[in-house]
Amino acid sequence: MKIIKEKSQLQPLMEQFRLDGKRIGFVPTMGYLHEGHLSLMRIAREVCDVLVVSIFVNPAQFGPTEDLDAYPSDLQRDFDLIEALGGDVVFTPSNAAMYPDGYKTWVTVDDLPHIMCGLSRPIHFRGVTTIVLKLFNIVKPHVAVFGQKDAQQAIIIRKMVTDLDIDVEIKVGPTGREPDGLALSSRNKYLTKIERADASILQQSLQQARKMIEAGETSSSVILSEMRRMIQAKNTAEIDYIDIRHAETLEELTIVSPDQLILIALAVKFGKARLLDNILI
Ligand code: AMP
């Protein structure tokens, strides 16, 4: 497995893979890998000849008061996990290489970045789309795999790829979870013991929403009230948002019906950790 820091080293290597007729699969990450990340890499591994993983904690997607400096990291462990899985290349660029002095270009999708997570993280998705497009331009993958855990991110990236005619197939892999249903996240490391126990309410509330819809409930506000009640019963939980939306357009749904693709997505803070989860119905 090759570990590469320099764009100038990675680009000719990727060019050579393409000339050799290899199909390139790519999984961008911010590192501190868990089983959710690894499951995305397995998806790419299966459909491609070459697996490239990037590890880059992208400063452009963190707001000024967010956890950029505290973001957990264990590069050697990450390298070992990627190698054991059959990874071919890990790309770990520096901040200065990705955003040199005088950097001025940003890629944004209209509307979608300003709802849900965008309300409390106004520059987040601009940072995400910009870094993902930059990484696509450097790696030139045939396939890139993202996680359903970050549902809004996956939808925004798909939109950017369609709108800008980017020649890459986007796949979205299912959310990896702890045995109690908590979505795996690098940020789970911030949770205290009590917060960790309380956080299992997220998946329970989403499952409760599913049950209500399956039992015939059609009012989003009734479903949302029940979810809020469940989550607020946990002392350490502070709800950022819970939304019920169309799973492809992210249009808000006030009435749900079983013939729609429904996304119920939430962000809830437990102490220092802001956790996301969602369910597709
Ligand atoms: P991150 O390192 O948090 O930026 O995530 C890198 C990629 O892994 C993104 O596509 C995430 O959506 C995805 N991801 C994060 N957590 C999970 C999870 N629990 N299951 C599956 N994919 C995940």
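Restricting to segment 9-25, name every residue that is under 11 Å from I138 (Cα atoms) and in contact with a helix residue (DSSP H, G or I) (Cβ under 9 Å, 6 or more places away or on another chain).
L10, Q11, M14
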Residues satisfying the stated conditions in segment 11-42, i.e. in contact (Cβ under 8 Å) with a residue 60 or more places away in the chain, more than 29 Å from Y99 (Cβ to Cβ) and either within 16 Å of the ligand (Cβ to nearest atom) or polar (S, T, N, Q) (or both): E35, S39
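Restricting the search to segment 141-165, which residues are farther than 22 Å from A247 by Cβ and surrounded by fewer than 19 Cβ atoms within 10 Å (Cβ to Cβ)? Can you show your working first?
Step one: of segment 141-165, the residues farther than 22 Å from A247 by Cβ are 141-142, 164-165.
L164, D165, listed by residue number.
Return yes when S94 is small (G, A, S) and either surrounded by 13 or more Cβ atoms within 10 Å (Cβ to Cβ) or under 19 Å from S185 (Cα atoms) (or both) and no when it is not. Give the derivation first.
Working: small (G, A, S): yes; either surrounded by 13 or more Cβ atoms within 10 Å (Cβ to Cβ) or under 19 Å from S185 (Cα atoms) (or both): no.
Taking the combined requirement at face value, the residue does not satisfy it.
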Residue tally, condition of a type in the set (A, V, I, L, M, F, W, C) and within 14 Å of the ligand (Cβ to nearest atom), over segment 117-126: 2
V107 in a loop (DSSP other than H, G, I, E, B), touching a Ser or Thr at 6+ places or on another chain (Cβ under 9 Å) and under 19 Å from R158 (Cβ atoms): yes
So I155, is it among the β-branched types (V, I, T), under 15 Å from T29 (Cα atoms) and within 16 Å of the ligand (Cβ to nearest atom): no
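Kindly indicate whether G176 is within 13 Å of L40 (Cβ to Cβ) and touching a Ser or Thr at 6+ places or on another chain (Cβ under 6 Å).
Numbers: within 13 Å of L40 (Cβ to Cβ): yes; touching a Ser or Thr at 6+ places or on another chain (Cβ under 6 Å): yes.
It is true that G176 is within 13 Å of L40 (Cβ to Cβ) and touching a Ser or Thr at 6+ places or on another chain (Cβ under 6 Å).
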Complete set of residues in segment 127-148 that are within 11 Å of the ligand (Cβ to nearest atom) and within 12 Å of T29 (Cβ to Cβ): I131, V132, A144, V145, F146, G147
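Every number in this text was worked out from the coordinates using simple rules, so none of it is lab data. No experiment lies behind these values; they were computed from the predicted model shown. Every residue, glycine as well, gets a Cβ built from its backbone with ideal geometry; the counts of neighbours run over all protein chains shown.
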